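The values are calculated or read from the model by the stated rules, or taken from the named source; none is laboratory data. Note that the coordinates shown come from a computational prediction; the quantities given were computed from them, not determined experimentally. Here the Cβ positions follow ideal geometry from the backbone for every residue, glycine too, while neighbour counts run over all protein chains shown. The area values use the complete protein model at the heavy-atom level, side chains included, leaving out ligands, DNA and RNA. Shrake-Rupley method; radii C 1.70, N 1.55, O 1.52, S 1.80 Å.
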Amino acid sequence: MTEPPQDRIGAYRLVRRLGMGGMGEVFLAWDDRLQRPVAAKRMRLDRERGGGRRERFRREARIVARLNHPNIVQIFDLVETGDKAGDWIVMEYVQGRSIADLLKESVSLPTGAAVDLARQVAEGLAAAHALGLVHRDLKAENVMVTPAGQAKILDFGLARPLASGTGESLTDDGVVLGTWRAMSPEQAAGETADARSDLFSLGVLLYEMLAGRSPFLGKTPVETLRNVTGRPPEPLSRLRPDLPADLIAIAESLLEKDPARRPTEALRVAQELRTLSARPELSPPADWARLQAAPMTASEEASTIIEGPAGMRGSFLDSGRSRTGLRRPVWIASLLLALASALVLGVLSMRRGQMAGQPLRVAVLNPVVQKPGEELDLAAFAVLNSALRILPALDGVTAIEPSQLRNLRGGSREIARAVSADEVLTATLAGKGKRVEISLRRIRGSDGEILWQGRIEEPAASQEALTLARGVAAALRQAYDRGLRPGIPEMEVRAADFTEFLQLKRRIEAGRGAWAPELDRLDALVASSPRFVDAHVQAASLAIHLYEDSKNPAYLERARSSLRRARLLAPGLLTVLWIEIRLAITEGDWVSAEQLIVELDRLAPGDLSVPLQRYFLASQRGRLDEAISWLREAVQRHPTGQTLVALGGLEARTGQLPKARQHLDEALRLAPGNTWVLAKQGEVELAYGDLSRAEKIYLDLVRAGPQRSDLTNLGLVHLLLGRPAEAAAEFGQALQIEPGHITVTLDLADAEQALGHLRQAGELRRQVLAALEAKEHGASLLPLERTLRAQCLAYLGDRGKAVEVALGALQESPEDADVVYQSALVLALAEERASALALARKALSLGYQPRWFEVAAFESLRSDPAFHEMLARPRPPSR
């Protein structure tokens, strides 16, 4: 299991994370002996299968340590700290920006700068080639530019001795080695890469710097690979007629498809580029790099190094949507997004550290309304909103939202035990003419004793909701007798705007109506009440949801704008910080997400929300061992049904089935008979365990009260057990509950196919294809939805389009286990056997079980011995 990194490794003090790659994460560190900043790269042990990756990491250190060249990052040290802490390479810390970052901000680089950078890269490659090494992953992202204009080649993690003759293919270990747009044609074909392959990648880099665009990048991975292997790029002479003919000739010679027609030596290319640089019109502009690749200031660097290590821990996170059908058998990953959101955003923990002991955990129940009506229902929502706003603002109090209490049975003691709460807060509302009487109670979780009760009367009219909310907040501040944390303002909002906000928030939480118009309404609301923090927070959250649905970058900017305003108005409101973390994760900005979690740790030291945020980030990033570590810390502090279910799901996914069953049983002991926990037990057995156990669980659940998800999963069990007639009946019942459900419809199509009912199966898939294409007209499809569309296309005979759609989705979400599995299935249907096998390997490495490759869609791989060997290979032992 990967442990979070300590503050030090050997003589080096860790400061902050700089970034991550496929096999490593890099930290800024401080060398106490030589008093200088360094970069420390740690191997990602959670991605290791046996000793291969560790050895490859050490090989990187040995290879690059042999290189001592000004245009290659210098290796200083190799630190081996043991299995848990991992191995570290300590290297030169390069300030500046990558060429890829520079190209994002300009159409192209100055011609002289491009020539000079290409010359430096060629000289660095020449030094590597002289030692018999080839980089194999040269690209704009892997070349840093210092403020002095010096190029530094990064990441020799794919380097291999030229004379080895073994050559790793495009799909070794089920992962892509190299980057599609920048790899040579021979790499793309899986052939041995030599020095000329690096020179082709140098040609791609030079073309990108001069033209401001890639020579081969297509709309899809398939198109990109076809361009690399078979299509010439658009001539530079057409794109840049101002360029000298001999510079264009160098670029074109580097991009020859046939290695025999390319230059053979990087040193010769460097000499030609140096000759060009000597021309006055091609010399790099003075200070161009200093202006574009500006480093941190000295004061920023010193501040980072002095303050950075406090609370530093490793992290990253997992995503998914609710599991429905054969398309997504690994919904242990799928349940994590909703579950992690409930865990992280529901545990509203705000302790500042000066309070002794653990924070007081208060479970806030939904208010009970006597004789419900529209005004009383809105009043109840105002009471709940006020409680969840004021409690986290009190020193040493954690509020547990009702979303964490779903499906729980029993009274206050049972609920408190299930969520590890110290207290339960209840509210009862009764109408009294034009007023409402609100009874509030603090109930001790251990024995159900009433610790405090209060009664207030407020106007019941909807336009008086603000008065009611303020009355509840005042009563609760008196009840808990704790001061407000700094940076928490009073609610500054017009009464009419507050009422509108409550109505809008109720609609959003109930899933009623479209979200985009609600965001427009929030814009109007904050224009009227610009200091209303809650509206800014709600707008940011809604904008992120809209971006996830549409991929429209304008929504990301809308979220950033709302968060900036919320930060200014309420610097102590940790809800803002949580949404900032979520935004960083949505954008894939792992470094910013980590920095924000460090800030959260500083503001709420020792609080449960910190390990839960770290778990969430780790699981989203695919670092499952680290996610388990943080979840175990959370469970050790406060065992709750939801944290135990999340822990059990991750343990099952990483081959720890006995521990998973143990923790799921614990969750059931905390919440006896809870159907949600029982369903999660069934999912674990279906995905990773005993199908007969899964069948019994789902049969019991269906008898107790048929739900669409339980019927679907029972059908999957029977489909995997080779009983398609039963499966078809259960999928049919599920569709009666939720007609038109896409993945259930596809599950039914699979069952009909297994029964030999090909016409019925085809009609079902045409229905799904029509539904997905109709949806695509209104909004972008998610990557998983695109793989489902590809699957329908493949079954219906349009194999070429199916492969293109699937690989496009894979390019967007290459580490999503479900997208990888579905893409493998599509390529198997299209009889692209080599690629399907590679993706199947990767899906297995991401947690899929061999049973999911026994379905008929993988028939084209049945005759391949490598396929059978892959499925028969033992999984890592349970831990």
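Side notes on the structure shown:
- Qualifying residues in the stretch 476-499 (those that are assigned to a loop (DSSP other than H, G, I, E, B) and among the hydrophobic types (A, V, I, L, M, F, W, C)) - the one nearest to Ser528 (Cα to Cα): Val493
- For the stretch 202-257, the set of residues classified as open to solvent by less than 50 Å² (accessible area, probe 1.4 Å), more than 20 Å from Ala118 (Cβ to Cβ) and touching a helix residue (DSSP H, G or I) at 6+ places or on another chain (Cβ under 6 Å) consists of Gly218, Thr220, Pro221, Val222, Thr224, Leu225, listed by residue number.
- Residues within the stretch 812-827 that are within 19 Å of Leu837 (Cβ to Cβ), modelled with pLDDT under 80 and out of contact with any Gly (no Cβ under 9 Å at 6 or more places or on another chain), tallied: 1
- Residue count for the stretch 613-631, restricted to those that are on the phi < 0 side of the Ramachandran plot, open to solvent by 10 Å² or more (accessible area, probe 1.4 Å), small (Gly, Ala, Ser) and touching a Phe, Trp or Tyr at 6+ places or on another chain (Cβ under 8 Å): 0
- The set of residues from the stretch 659-680 being within 19 Å of Leu631 (Cα to Cα), modelled with pLDDT of 90 or more and surrounded by fewer than 22 Cβ atoms within 10 Å (Cβ to Cβ) comprises Lys659, Arg661, Gln662, Asp665, Glu666.
- For the stretch 219-276, filtering for residues that are closer than 13 Å to Phe200 by Cα and of a type in the set (Val, Ile, Thr) leaves 5.
The rows are residues; the columns are (1) over 30 Å from Asp395 (Cα atoms); (2) crowded, with 24+ Cβ neighbours inside 10 Å.
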{"site": "Ala593", "(1), (2)": "no, yes"}
{"site": "Glu633", "(1), (2)": "no, no"}
{"site": "Ala652", "(1), (2)": "yes, yes"}
{"site": "Leu657", "(1), (2)": "yes, no"}
{"site": "Glu685", "(1), (2)": "yes, yes"}
{"site": "Ser692", "(1), (2)": "yes, no"}
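- Looking across the stretch 595-612 at every residue that is open to solvent by less than 10 Å² (accessible area, probe 1.4 Å) and of a type in the set (Gly, Ala, Ser), the one that is nearest to the chain's Cα centre (by Cα) is identified as Ser609.
- Condition met for Arg759 (modelled with pLDDT of 90 or more, farther than 20 Å from Trp852 by Cα and either aromatic (Phe, Trp, Tyr) or out of contact with any Lys or Arg (no Cβ under 6 Å at 6 or more places or on another chain) (or both)): yes
- For Arg766, the stated conditions hold: it is more than 25 Å from Leu678 (Cβ to Cβ) and basic (Lys, Arg).
- Meets criteria (under 24 Å from Ala834 (Cβ atoms) and not in a loop (DSSP other than H, G, I, E, B)) for Ser237: no
- Test: residue in the stretch 262-272 that is in contact with a Ser or Thr (Cβ under 7 Å, 6 or more places away or on another chain) and open to solvent by 20 Å² or more (accessible area, probe 1.4 Å): yes
- In summary, Glu492 fulfils each of the numbered conditions (1) in contact with a Lys or Arg (Cβ under 6 Å, 6 or more places away or on another chain); (2) crowded, with 16+ Cβ neighbours inside 10 Å with the single exception of condition (2).
- Unique residue being closer than 21 Å to Ser860 by Cβ, at pLDDT below 95, open to solvent by 50 Å² or more (accessible area, probe 1.4 Å) and of a type in the set (A, V, I, L, M, F, W, C) when the list is Ala802, Ala754: Ala754
- Of all residues in the stretch 805-819, those being among the aliphatic types (A, V, I, L, M) and open to solvent by less than 10 Å² (accessible area, probe 1.4 Å) number 4.
- Taken as a whole, the structure leaves Leu394 outside the set of residues that are open to solvent by 10 Å² or more (accessible area, probe 1.4 Å) and hydrophobic (A, V, I, L, M, F, W, C).
- When the residues of the stretch 543-584 are filtered to those that are surrounded by fewer than 20 Cβ atoms within 10 Å (Cβ to Cβ) and in a loop (DSSP other than H, G, I, E, B), the one that is nearest to the chain's Cα centre (by Cα) is Lys551.
- So Gly157, is it at pLDDT below 70 and open to solvent by less than 20 Å² (accessible area, probe 1.4 Å): yes
- Looking across the stretch 585-617, the residues that are assigned to a helix (DSSP H, G or I) and within 14 Å of Arg16 (Cβ to Cβ) come down to Trp590, Val591, Ser592, Ala593, Glu594, Gln595, Leu596, Ile597, Val598, Glu599, Asp601, Arg602.
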